[in-house]
Amino acid sequence: MISVLGELALPDLTTLGLPDPLGEYIAIRREHGQVLNLLAVIDGSKPCLDDWIPVAAIERYTDLCERFGLYVRSGIQFDVMTHEEAEKAVGSGTLTTTRARAREIGDPRGSVHVFVGRDPAVVDNTFYAGWYPLVVGERATSKPWIDHIWFGEGLGYPTCCLEAFARNNNWSINNMPYQAARVTRNPLGLCNSIMRFTGLTWAPHLPCSYDCAATTEQSRKLRDLTLRTAPQLVPIVDGLCTGTFLLLSEWEAFALHGINRDGDGITYAGASLVPSNRPNESLYEALRCGDRLEVRDDLVVVFAGPEVVRVEACRTDGFAPRVPVLLSFQGPGQ
Ligand SMILES: [Zn+2]
C-alpha cells in the first residue's frame, strides 16, 4: 500500500469492509491507487482510467471489470525501477513521476498497464495517447507533447486544467503545482490533489488552480457518489485533502498539523510526508524535529524553538524547479 508517513498514516483499507468492486479491487491490486476513479468509471461520470495491475492478477482484474460492464484494454508492462537503477539509463534526467522499465505483455515481471471504461472507442483513444516515458534497452523514451493533452481528455480532466498543463507542465523550466498555487485565491480541499499518489484525493489530476471551478464541480460529484456507495472512505479522503501543506514541487510536499500562522512564519505541532517517487525525506526529518518554519523567498527555514535546524535552499535554475509555498485548504464538508 502507498501510505503516508506521520500523523496522516492511512488505515488498511482491506479492513474497512468496502463493497465490491472496491473490496475485491484492493485485494487484487494490493494498493488503492485508483479506488475512487474506479467508482467514477463504473458510475459513468468518468470516461476512462488507467491502472497498473500485477501480472499474476490480470485475469481476475479483467473478470471483475467485465462483471461491472467495463471494457479493458491492456498496454505494455511496467517494471518499477529504483531511483539508482533509473539513473543508469541514458536520458534518465527527463524521467519525472514514473520511473519504470518497459516489458512485453506476457513477461512475468512487473504490472500490466490497463485502460478501463464503459465505451470501447473512448478507451481505445485513451490507450493510444496514454503512454508513459519508460526505460527501454537502458534508454529513457520521451512522449510527444500532444499525447499528454489527449491522454488527459481521455481521463476526463477539465479543459481549463488541460490547458494549464499544456502551458506549465514542463519540468525543465516550470513547476505546475507552484503555477496553480500562485493563481489560487481560496484553496479548496476538493481541488487538493497533493496526496494523489495515495489514490485518495477527490481531484485525481493537477488542477489549473486550487480553487478551479470545474475541478470543484467534478470532485463534489465524486464525493457525493462516494458518500452513497462507500461512505467509509469519505472521512479518510477529506482528511488527506484538508489542512495546511508546504509544497515545493510534485515530488516534495508535507502536511503540517496543529498550525498557527504568526506573521512571517507558521508554528506547527506535527508533520506528515506526502508520498511520491522522490520524497524529500531529510527535510521531513528536519520538520519533525522543528516546530516553526518560515518561507523566505526561495528558502525554507525550519526552527526548533529559537534554534535554526534546517535551511532548505530551493533552486529554480535546473530540472524540476522547486518553489516553496504554504497553502491552507478548506475542508470539503465546509
Ligand atoms: Zn481547471
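When restricted to residues that are within 12 Å of the ligand (Cβ to nearest atom) and hydrophobic (A, V, I, L, M, F, W, C), the stretch 191-203 contains 2.
Would you mind stating whether Y128 is in a helix (DSSP H, G or I), more than 26 Å from V274 (Cα to Cα) and either among the hydroxyl-bearing types (S, T, Y) or within 16 Å of the ligand (Cβ to nearest atom) (or both)? The answer is yes for Y128.
Residue-by-condition table, conditions (1) without any contact (Cβ under 8 Å) to a residue 60 or more places away in the chain; (2) assigned to a loop (DSSP other than H, G, I, E, B); (3) touching a Lys or Arg at 6+ places or on another chain (Cβ under 9 Å); (4) among the aromatic types (F, W, Y):
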residue	(1), (2), (3), (4)
I236	no, no, no, no
F245	no, no, no, yes
W251	no, yes, yes, yes
A271	no, no, yes, no
N277	no, yes, yes, no
Y284	no, no, no, yes
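Under the condition of being surrounded by 12 or more Cβ atoms within 10 Å (Cβ to Cβ) and touching a Lys or Arg at 6+ places or on another chain (Cβ under 8 Å), the residues counted in the stretch 305-327 number 5. Checking the stretch 69-79 against the condition returns a match, with at least one residue being touching a Ser or Thr at 6+ places or on another chain (Cβ under 9 Å) and over 28 Å from R118 (Cβ atoms).
Contact map, the stretch 17-28: residues that are surrounded by fewer than 18 Cβ atoms within 10 Å (Cβ to Cβ) paired with residues that are at pLDDT below 90, Cβ distance under 7 Å, separation 6+ or inter-chain. Pairs shown: A27/T14. For the stretch 151-168, give me the residue count where each residue is surrounded by fewer than 19 Cβ atoms within 10 Å (Cβ to Cβ) and either modelled with pLDDT under 90 or within 13 Å of the ligand (Cβ to nearest atom) (or both). Total meeting the criteria: 6. For the stretch 308-323, filtered to residues that are among the basic types (K, R) and under 24 Å from the mean Cα position of the chain (by Cα), the residue that is nearest to M176 (Cα to Cα) is R322.
Do the conditions hold for T215, that is, is it farther than 17 Å from L49 by Cα and either polar (S, T, N, Q) or within 12 Å of the ligand (Cβ to nearest atom) (or both)? In short, no.
Condition check for I266 on (1) of a type in the set (V, I, T); (2) under 19 Å from the mean Cα position of the chain (by Cα); (3) not in a helix (DSSP H, G or I): one failure, at (2).
Looking across the stretch 286-334, the residues that are in contact with a helix residue (DSSP H, G or I) (Cβ under 7 Å, 6 or more places away or on another chain) and either assigned to a loop (DSSP other than H, G, I, E, B) or polar (S, T, N, Q) (or both) come down to F319, V323, Q330, G331, P332, G333. Just so you know, in the stretch 91-126 the residues that are within 24 Å of the chain's Cα centre (by Cα) and small (G, A, S) include one that is farthest from S249 (Cα to Cα), and it is G117. Let me spell it out: the conditions are (1) assigned to a loop (DSSP other than H, G, I, E, B); (2) within 16 Å of the ligand (Cβ to nearest atom); (3) in contact with a Cys (Cβ under 9 Å, 6 or more places away or on another chain); (4) among the polar types (S, T, N, Q), and N186 meets all of them except one. Which number is the exception? Every listed condition holds for N186 apart from (3). If the condition is being among the aromatic types (F, W, Y) and surrounded by 20 or more Cβ atoms within 10 Å (Cβ to Cβ), then the stretch 226-265 contributes F245, F254. Taking every residue in the stretch 196-220 that is in contact (Cβ under 8 Å) with a residue 40 or more places away in the chain and of a type in the set (S, T, Y) and pairing it with any residue that is more than 9 Å from the ligand (Cβ to nearest atom) and not in a loop (DSSP other than H, G, I, E, B), at least 6 positions away or on another chain, the pairs with Cβ-Cβ distances below 6 Å are T201/C241; S219/L190.
The values are calculated or read from the model by the stated rules, or taken from the named source; none is laboratory data. Since we're looking at a predicted model, the values are computed, not measured. Cβ atoms come from the backbone with ideal geometry, glycine included; neighbour counts cover every protein chain shown.
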